[in-house]
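Q: Below you will find the structure I want to go over with you.
Nothing in this text is a laboratory measurement; each read-out follows from the coordinates by a stated rule. Everything numeric here is computed off the predicted structure, so don't read it as measured data. Here the Cβ positions follow ideal geometry from the backbone for every residue, glycine too, while neighbour counts run over all protein chains shown.
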Amino acid sequence: IIIDLICFTKKDGNAILDFKKRGVLSSVKHYIVISTFFVYNYFNLNVYREKKLQLNKQINTIKDSYTKNKVEMELALYSPELLKILSIIRFPYIFSWDDYTNRFQSICEIARTNNEDQLKSNFYFSMISKDSAVDSLIDLSQMKPLGIIDLANPGCLNLTEI
């Protein structure tokens, strides 16, 4: 089992694919890639919930480099060589006591305003605790590869629930 915390760009994804093709990963039964949910706020909900992203034409329109890197990385990993062993786990924001981004504070401020537009299905503010994130990785490592796992599905703490 490989849990990859640093696969970030198309180049990284292609390197993993190359390792697989050359047999370097022949003993690997499960390759788990940590991605992020947030970059997919740029796209239609139905698009990124698909097993394969249909974003090839949209890649050049993405202006945010972080988003573009993540999308290209995931697309690079969607290959027949890897799909049999691949799980991409998309975490929402991981909440902990050391909230250096102040995201939780921002959520509280938005919640106080009762802004209906921001309160409705705003998955950008979805959160998961460090413990839950670790538990999900442990569970996932004991399962067969699952493709894409989007942990910002219902069950995460989101702005409406706060």
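Q: List the residues whose amide H sits under 5 Å from the amide H of Asp150, counting only those 5 or more places along or on another chain, with H placed 1.01 Å from N in the peptide plane.
A: Counting only residues 5 or more places away or on other chains, the set is Arg90.
Q: Explain nothing, just compute: Karplus ³J(HN,Hα) = 6.51 cos²θ - 1.76 cosθ + 1.60, θ = phi - 60°, for every residue of segment 71-80 in order, whole Hz, x for Gly and Pro.
A: Values per residue, Gly and Pro as x: 5, 5, 4, 5, 4, 5, 7, 7, 9, x Hz.
Q: Using a 7 Å offset from the Cα along the Cα-to-Cβ direction at both Ile3 and Ser106, what is the distance between the two label points in nm, to one decimal?
A: According to this spin-label approximation, the distance is 2.7 nm.
Q: Here's something else I'd like to know. What distance in nm lies between label points placed 7 Å from Cα along the C-beta direction at Lys130 and Lys84?
A: Inter-label distance under the simple model: 3.8 nm.
Q: Output the pairs from Lys11/Lys70; Lys70/Lys144; Lys10/Lys68 with a Cα-Cα distance over 20 Å in this structure; if there are none, say none.
A: Values: Lys11/Lys70 11 Å; Lys70/Lys144 23 Å; Lys10/Lys68 9 Å.
Among Lys11/Lys70; Lys70/Lys144; Lys10/Lys68, the Cα-Cα distance tops 20 Å for Lys70/Lys144.
Q: Same structure again: ³J(HN,Hα) across segment 17-33 via Karplus (A = 6.51, B = -1.76, C = 1.60, θ = phi - 60°), whole Hz, x for Gly/Pro?
A: These are the phi-based 3J(HN,Hα) values: 4, 5, 4, 5, 5, 7, x, 5, 9, 4, 8, 7, 9, 8, 10, 9, 10 Hz.
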